Amino acid sequence: MRQRLAIFASGTGTNAENLIQYFDQHPKAEIISVYSNKGQAGVCEKAHNAGILLHLFNRSEFLSGEVLQKLREEKIDWVILAGFLWLMPKEYVEAFKRKIINIHPALLPAYGGKGMYGKHVHEAVLRNAENISGISIHYCNSVYDDGDIIAQYRCPVLSDDTIESLSERIHKLEMEWFPKVIEQLL
Ligand code: GRF
């Protein structure tokens, strides 16, 4: 039986799209649905174009456990956070113990925590003149960017890097490694 994955995302959705393509016709897993709290987000159109079921929800549906119920109804095995900014409530973390995976565009525990997302992360890395950055793939718990790390991949930070050039390098790492790490966990 193929394992059933749900993706949570509220941004552009390039990671979600990459995962959808990677697991298309995959023998071990399939992407069942995309969950988003932002109807206007790029990820919604990407899910639609790929023919993947999209569930939109608001904060009260999320916090009341309605969304968790939906995950159960869909018999989801793994929850993949790909640019989802809300904290996962305890109830979700306990229901999916070590089955909720997040990706973060820096080398945690550095540059993580509330407010550390998207360009804010790269801005901080550049401000501190770091030589190295990268990505972290980790289990999600109920504290921002705090769960056990599964894998990290590094890239250089160049002296003339801008937020755009650094985020492009990080993005390449995300495209290459996120699907593979998930695949290994299955
Ligand atoms: C990625 O950089 C990911 O590391 C972070 O959110 C971003 C999502 O980008 N958690 P996208 O929406 O997949 O393009």
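Against the definition (touching a residue at least 12 places away in the same chain (Cβ under 8 Å), surrounded by fewer than 22 Cβ atoms within 10 Å (Cβ to Cβ), farther than 22 Å from SER36 by Cα and more than 9 Å from the ligand (Cβ to nearest atom)), how does LEU87 come out, yes or no?
No.
Could you check segment 1-24 and list, in sequence order, the residues that are part of a helix (DSSP H, G or I) and either within 18 Å of GLY118 (Cβ to Cβ) or touching a helix residue (DSSP H, G or I) at 6+ places or on another chain (Cβ under 7 Å) (or both)?
Correct list: THR14, ASN15, ALA16, GLU17, ASN18, LEU19, TYR22.
Working only within segment 1-29, note down all residues that are free of Cβ contacts under 8 Å to residues at least 40 places away in the same chain, within 16 Å of the ligand (Cβ to nearest atom) and in contact with a strand residue (DSSP E or B) (Cβ under 6 Å, 6 or more places away or on another chain).
Across segment 1-29, the qualifying residue is only ILE20.
Check segment 125-134 and report whether any residue there is within 20 Å of THR12 (Cα to Cα), modelled with pLDDT of 95 or more and within 12 Å of the ligand (Cβ to nearest atom).
Checking segment 125-134: at least one residue is within 20 Å of THR12 (Cα to Cα), modelled with pLDDT of 95 or more and within 12 Å of the ligand (Cβ to nearest atom).
What do you reckon, is GLY147 within 12 Å of the ligand (Cβ to nearest atom) and either among the aliphatic types (A, V, I, L, M) or within 26 Å of TYR22 (Cβ to Cβ) (or both)?
In short, no.
Find the residue count for segment 93-136, including only residues that are without any contact (Cβ under 8 Å) to a residue 40 or more places away in the chain, over 17 Å from the mean Cα position of the chain (by Cα) and outside any loop (DSSP other than H, G, I, E, B).
6
Specify which of the listed residues (ILE32, ILE52) is more than 16 Å from the ligand (Cβ to nearest atom) and surrounded by fewer than 22 Cβ atoms within 10 Å (Cβ to Cβ).
Testing whether each residue is more than 16 Å from the ligand (Cβ to nearest atom) and surrounded by fewer than 22 Cβ atoms within 10 Å (Cβ to Cβ) leaves just ILE32.
May I ask you to say which residue of VAL43, VAL67 is outside any strand (DSSP E or B) and either within 16 Å of the ligand (Cβ to nearest atom) or at positive phi (or both)?
VAL43
The values are calculated or read from the model by the stated rules, or taken from the named source; none is laboratory data. Since the model is a prediction, treat every value here as computed from it, not as a measurement. Note that each Cβ is placed from the backbone with ideal geometry, even for glycine, and that neighbours are counted across all protein chains shown.
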